[in-house]
Amino acid sequence: MLRRSSRCTGGWAGAVEGHGTAAVVRPGPGGEPLVRERALGALYGLAIGDALGMPTQSRSRPEIVARYGSLLGGFEPGPPDHPLAAGLPAGSVTDDTEQASLLARLVIEDRGAPDPAKLASQLLAWEVSMRARGSLDLLGPSTRRALSAVAAGASIGDSGRFGTTNGAAMRITPVGIATPSGDRGLLVERVVAASRVTHNTGIALAGAAAVAAAVSAGIDGAAAGDAVQSAAAAAASAAQLGHWAAGADVATRITWAAGLVAGLAPEAAMDVVYRLVGSSLATQESVPAAFAMAVASMGDPWLACRMAASLGGDCDTIAAMAGAICGACHGVEAFPAGARSTVARVNNLGLEGLAAGLLAVRAGPGGAAAQAGGDAPG
């Protein structure tokens with residue numbers, strides 16, 4: 001089991017031995033200002049991790065080490081030979097942050113559970129706008145296939161039946177910010193609403209629920225270890241939903257990956273995750289990898305993002321998820337001021353407004369009561 005740290009800024013405190021019951025997380029001391037700092041931490045962490053991984057995504061770890069060293073020191077521009085990010089300025093975000101921001105606006109507009117048809121329409125419009133800007137970082141394979149199915153007349157329930165990659169998990173952070181951790185059933189319900197049009201499989205829903213639950217728990221004051229436990233419990237619940245797809249159990253792999261790196265130095269942790277956990281688009285690899293990086297960073301969100309971005313593979317997404325999780329647990333001030341100002345200046349994201357809107361949803365009908373209560377059965 002996990003040993004609870006006395007502070008949200010506490011690091012990993014032990015191995016996980018199960019995920020059937022999540023730790024009960026109640027809002028921590030500090031009130032509204034601290035909750036706002038954690039919500040901003042989740043959004044800035046997502047953007048910072050994404051921007052760090054922009055030039056290293058789709059590269060192998062040996063290629064990254066040869067070009068940048070074992071551990072990225074900060075933001076780098078997109079290399080001229082990069083298949084997706086060539087020429088992008090240092091600090092530029094990718095589809096991870098763009099789609100999370102799109103989802104955030106829908107969550108605010110729809111007061112929690114975004115309309116799946118509206119999400120599909122806006123994702124298609126987003127890709128058109130990205131093409132117009134000359135971007136090569138467009139919709140992922142599951143999302144593109146699902147939206148093509150919608151255009152061909154498939155129902156919302158069936159369009160995402162083959163979506164097993166990590167597109168749902170990469171953009172789900174706003175749902176975690178907008179939903180109190182005391183009601184796992186509500187959180188999973190909103191995760192499904194935000195995901196099923198493109199990723200309606202047990203694997204993808206489990207990965208998205210894990211990230212959302214960890215972010216929500218962090219905002220309510222959870223230490224990193226308790227956030228991992230909440231994530232595994234939510235993943236186990238969500239895995240029962242959607243269409244079946246062959247693949248390893250996400251909840252089990254989260255707890256395994258987190259325990260695998262506990263106590264390891266950063267370079268050893270990165271090596272173990274790259275070789276054993278995996279860093280591909282597959283939800284059952286990338287989501288556990290993100291939690292492993294969060295654990296291995298031992299309370300340093302900036303380090304977690306740099307480690308994740310140095311992994312290789314789909315490392316912009318892994319770093320975005322790790323950054324969101326750590327940012328929710330530690331708050332926005334845990335990231336260097338220079339890193340925050342860089343992603344804000346380069347990308348014009350408006351994260352402060354999104355955080356305020358999402359927290360208003362969190363405190364809305366059902367939100368305030370759930371925040372005061374215990375963990376609902378999943």
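Checked against (1) assigned to a helix (DSSP H, G or I); (2) at pLDDT 95 or above, D226 passes all but a single condition, namely (2). For region 98-121, the condition holds for no residue, the condition being that it is at pLDDT 95 or above, surrounded by 19 or more Cβ atoms within 10 Å (Cβ to Cβ), under 21 Å from the mean Cα position of the chain (by Cα) and of a type in the set (K, R). Return a yes/no flag: does region 59-68 have any residue that is at pLDDT below 95 and among the small types (G, A, S). Within region 59-68, not a single residue is at pLDDT below 95 and among the small types (G, A, S). Taking the listed residues A245, A235, A217, A209, the one that is surrounded by fewer than 24 Cβ atoms within 10 Å (Cβ to Cβ) and either farther than 16 Å from A294 by Cα or not β-branched (V, I, T) (or both) is A245, with no other qualifying.
Of all residues in region 301-342, how many are among the polar types (S, T, N, Q) and either closer than 12 Å to A290 by Cβ or surrounded by 24 or more Cβ atoms within 10 Å (Cβ to Cβ) (or both)?
Within region 301-342, the first condition is being among the polar types (S, T, N, Q), and the residues that meet it are 310, 317, 341-342.
Now drop any that are not either closer than 12 Å to A290 by Cβ or surrounded by 24 or more Cβ atoms within 10 Å (Cβ to Cβ) (or both), which leaves 310, 317.
Here the count works out to 2.
Every condition in (1) closer than 16 Å to A117 by Cα; (2) without any contact (Cβ under 8 Å) to a residue 40 or more places away in the chain is met by N200 except one, and the failing one is (2). Under the condition of being within 22 Å of A206 (Cβ to Cβ), touching a Phe, Trp or Tyr at 6+ places or on another chain (Cβ under 9 Å) and in a helix (DSSP H, G or I), the residues counted in region 297-323 number 3. State whether one or more residues within region 145-156 are modelled with pLDDT under 95 and closer than 22 Å to S237 by Cβ. Yes, because at least one residue in region 145-156 is modelled with pLDDT under 95 and closer than 22 Å to S237 by Cβ.
Screening L34 on (1) at pLDDT below 95; (2) assigned to a helix (DSSP H, G or I); (3) surrounded by fewer than 16 Cβ atoms within 10 Å (Cβ to Cβ); (4) of a type in the set (A, V, I, L, M) shows it passes everything except condition (3).
Taking region 54-83 as the range and being aliphatic (A, V, I, L, M), crowded, with 16+ Cβ neighbours inside 10 Å and assigned to a loop (DSSP other than H, G, I, E, B) as the test, the residues that pass are M54, L72. On inspection, L264 qualifies as in a loop (DSSP other than H, G, I, E, B) and either in contact (Cβ under 8 Å) with a residue 40 or more places away in the chain or over 23 Å from G176 (Cβ atoms) (or both). Summed over region 145-188, residues that are among the aliphatic types (A, V, I, L, M), outside any helix (DSSP H, G or I) and buried (at least 24 other Cβ atoms within 10 Å of the Cβ) total 1.
Kindly indicate whether A214 is in contact with a helix residue (DSSP H, G or I) (Cβ under 8 Å, 6 or more places away or on another chain) and of a type in the set (A, V, I, L, M, F, W, C). In short, yes.
Going by the structure shown, is S92 over 23 Å from A178 (Cβ atoms) and modelled with pLDDT of 95 or more? Here the answer is yes, as S92 does meet what is asked.
The values are calculated or read from the model by the stated rules, or taken from the named source; none is laboratory data. Just so it is clear, the model here is predicted, and its values are computed rather than measured. Neighbour counts are summed over all protein chains in view; Cβ atoms, including those assigned to glycine, are modelled from backbone coordinates with ideal geometry.
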